[in-house]
Amino acid sequence: MSKKVHVFNAGPCLLPQVAIDNAIAALKDFSGTGVSVLSISHRTKEWDAVMDECRALWRELLNIPDTHEVVFLAGGASLQFLYVAMNYLEKKAAYLDTGVWAHKALVEAQGLGEAYAIACSQDKNYSYIPKGFEIPSDLDYLHITTNNTIYGTEIKEDMDCPCPLIADMSSDIMSRPVDVSKYDLIYGGAQKNVGPAGVVFAIIRKESLGRVSRHLPTMLDYRTHIDKLSMFNTPPVFNIFVMNETLKWIKSVGGVAAIQKVNRQKAELLYSEIDRNSLFVGTAAVEDRSLMNVCFVMAPGYEALQDEFMAFAKERGMVGIKGHRSVGGFRASLYNACSVEDVQALVDCMQEFEKLKK
């Protein structure tokens, strides 16, 4: 009998077991067709039903207004950095530089036009979210990355913005309610909270498109995918199927508001232990701590225990808690499918280690 493991991977994420079980069943027989979901044609009524349900679940769970469309794409959020600039950058855009992925999005835009960092937290290794910066109203858009997986910081509320607002929500989408009406575009990779790697979601204000003068390649024009219901070319069928199953699970447990409540409970449990435990210290500014990615290191004087604690935690079933190489230490990702019991197991492990070393 295998031991119980507690998965804190930063991505791909821990998925709800029911989504995995239903995916396994669909690998054998998709929707009673006798055909594996890996072999099903995307031009069938059975597949149309999945696409329709998945779009409807996005709308329901995030209360997406009729002004916006939901599309599913391939290429990862990194390709969306180019999509954003291609579709929205005409004269000038600003980016809030809060981490590696935010900076990469900025660099991609700079290859197409005038784009600059309106504020940046690199001076303190991206350990905080900049505040108090002025946003010009004449920008084509302001781009933000709402959650920074590497550094464990998060923008937890929807900001008021005098210009079009675009957000990469790859790692905190569906973790809290979102006022979609405040954004012209929300996008992200699915592999943090809503599915496996290989599919991207984009929530697009329809009237925000078609305003740039540059030629848009067909595949890089959001209107192409809106018009063709995300099936201009063959979509990532299996990935969308698993996304749909994951969204069904979110609905079954009470929706995004209920998920947010549990996410807050998990984060408070772990941050409280980090603050209490004499062996560990958090790396992100307290007011900006992410509910999704909890980053911490050994406390001063105990740095030599890092590898020992990593081995200790691994032996007790903790998976994926090694911090990113640019930060070091540890990172526990508390995505939606991570349970309170998983977090409690990590807390128990930290307490046990402290007793051994003090």
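Just to verify a result, which residue in region 326-341, among those that are under 20 Å from Glu308 (Cα atoms) and buried (at least 20 other Cβ atoms within 10 Å of the Cβ), is modelled with the lowest pLDDT?
If we take residues in region 326-341 being under 20 Å from Glu308 (Cα atoms) and buried (at least 20 other Cβ atoms within 10 Å of the Cβ), then Gly329 is modelled with the lowest pLDDT.
For residues that are open to solvent by 60 Å² or more (accessible area, probe 1.4 Å) and touching a residue at least 12 places away in the same chain (Cβ under 8 Å), scanning just region 1-16, find the one that is farthest from the chain's Cα centre (by Cα).
Looking at residues that are open to solvent by 60 Å² or more (accessible area, probe 1.4 Å) and touching a residue at least 12 places away in the same chain (Cβ under 8 Å), I get Lys3.
What pairs come out if I take residues in region 197-219 that are touching a residue at least 24 places away in the same chain (Cβ under 8 Å) and pair them with residues that are of a type in the set (D, E, K, R) whose C-beta lies under 6 Å away, six or more apart or interchain?
Ile204/Glu69; Arg205/Asp184; Lys206/Glu69; Ser208/Asp184; Leu209/Arg223; Val212/Glu90
Collect the residues in region 181-212 that are within 28 Å of Val18 (Cα to Cα) and surrounded by fewer than 22 Cβ atoms within 10 Å (Cβ to Cβ), keeping them in residue-number order. Talk me through it step by step, then tell me what you get.
At the first step, the residues of region 181-212 found to be within 28 Å of Val18 (Cα to Cα) are 186-203.
Correct list: Ala197, Gly198.
Restricting attention to region 119-166, and to residues there that are surrounded by fewer than 16 Cβ atoms within 10 Å (Cβ to Cβ) and small (Gly, Ala, Ser), which single residue is farthest from Glu108 (Cα to Cα)?
Looking at the filtered set, the residue picked out is Gly132.
Show me the strands (runs of 3 or more DSSP E) found entirely inside region 41-144 where at least 1 residues are without any contact (Cβ under 8 Å) to a residue 60 or more places away in the chain. Step through it out loud before you land on a result.
Details: elements: 68-73, 92-97, 114-120.
Those strands (runs of 3 or more DSSP E) span 92-97, 114-120.
Need pairs with beta-carbon distance below 8 Å; first residue modelled with pLDDT of 95 or more and within region 183-194, second open to solvent by 10 Å² or more (accessible area, probe 1.4 Å) and among the basic types (Lys, Arg); sequence gap 6+ or separate chains.
Tyr183/Arg205; Asp184/Arg205; Leu185/Arg205
Of all residues being open to solvent by 50 Å² or more (accessible area, probe 1.4 Å) and of a type outside the set (A, V, I, L, M) in region 20-32, which is nearest to Phe241 (Cα to Cα)? Just the residue, please. Spell out the reasoning first.
Narrowing region 20-32 to residues open to solvent by 50 Å² or more (accessible area, probe 1.4 Å): 20-22, 24-25, 27-29, 31-32.
Then keep just the ones that are of a type outside the set (A, V, I, L, M); that gives 21-22, 28-29, 31-32.
Details: Asp21: 12, Asn22: 9, Lys28: 14, Asp29: 13, Ser31: 11, Gly32: 15 Å.
In this case the residue turns out to be Asn22.
Anything in region 225-257 that is among the charged types (D, E, K, R) and either open to solvent by less than 50 Å² (accessible area, probe 1.4 Å) or part of a loop (DSSP other than H, G, I, E, B) (or both)? List them, or say none. Before you say what the answer is, go through the steps one by one.
Our first condition is that a residue be among the charged types (D, E, K, R); within region 225-257, this holds for 227-228, 245, 248, 251.
The answer is Lys228, Glu245.
Quick one: count up the residues across region 42-69 that are over 16 Å from Val242 (Cα atoms), open to solvent by 50 Å² or more (accessible area, probe 1.4 Å) and modelled with pLDDT of 95 or more.
Step one: list which residues in region 42-69 are over 16 Å from Val242 (Cα atoms), which gives 43-45, 59-69.
Cutting the leftovers down to open to solvent by 50 Å² or more (accessible area, probe 1.4 Å) gives us 43, 45, 59-60, 63, 66-67, 69.
Retained after the next criterion (residues that are modelled with pLDDT of 95 or more): 45, 59-60, 63, 66-67, 69.
Count: 7.
Could you tell me whether any residue of region 306-322 is at pLDDT below 95, out of contact with any Cys (no Cβ under 6 Å at 6 or more places or on another chain) and at positive phi?
No, the conditions are met nowhere in region 306-322.
Being under 25 Å from Lys91 (Cβ atoms) and aliphatic (A, V, I, L, M) is true for just one of Ala197, Ala190, Ala202. Which residue is that?
Values: Ala197 fails: under 25 Å from Lys91 (Cβ atoms); Ala190 fails: under 25 Å from Lys91 (Cβ atoms).
Just a single option satisfies the conditions, and that option is Ala202.
Can you tell me which residue within region 302-325, out of those that are among the small types (Gly, Ala, Ser) and open to solvent by 50 Å² or more (accessible area, probe 1.4 Å), is nearest to Thr283 (Cα to Cα)? Spell out how you get there, then give the answer.
Looking only at region 302-325, we keep the residues that are among the small types (Gly, Ala, Ser), and these are 304, 311, 313, 317, 320, 323.
Now restrict to residues that are open to solvent by 50 Å² or more (accessible area, probe 1.4 Å): 304, 311.
Values: Ala304: 17, Ala311: 21 Å.
By that ranking, first place goes to Ala304.
Checking the condition farther than 24 Å from Leu79 by Cβ and either under 20 Å from the mean Cα position of the chain (by Cα) or not in a loop (DSSP other than H, G, I, E, B) (or both), which residue from Lys192, Lys156 passes? Steps first, please.
Details: Lys192 fails: farther than 24 Å from Leu79 by Cβ.
After applying the criteria, what remains is Lys156.
Consider Gln344 carefully, then state whether it is modelled with pLDDT of 95 or more, open to solvent by 40 Å² or more (accessible area, probe 1.4 Å), in contact with a helix residue (DSSP H, G or I) (Cβ under 9 Å, 6 or more places away or on another chain) and of a type in the set (S, T, N, Q).
Values: modelled with pLDDT of 95 or more: yes; open to solvent by 40 Å² or more (accessible area, probe 1.4 Å): yes; in contact with a helix residue (DSSP H, G or I) (Cβ under 9 Å, 6 or more places away or on another chain): yes; of a type in the set (S, T, N, Q): yes.
Spelling it out, Gln344 is indeed modelled with pLDDT of 95 or more, open to solvent by 40 Å² or more (accessible area, probe 1.4 Å), in contact with a helix residue (DSSP H, G or I) (Cβ under 9 Å, 6 or more places away or on another chain) and of a type in the set (S, T, N, Q).
The values are calculated or read from the model by the stated rules, or taken from the named source; none is laboratory data. Please read these numbers as outputs of a predicted model, since none were measured by experiment. Neighbour counts run over all protein chains shown; Cβ positions are idealised from the backbone, glycine included. Areas reflect the complete protein model, heavy atoms only, side chains present, ligands, DNA and RNA absent. Shrake-Rupley method; radii C 1.70, N 1.55, O 1.52, S 1.80 Å.
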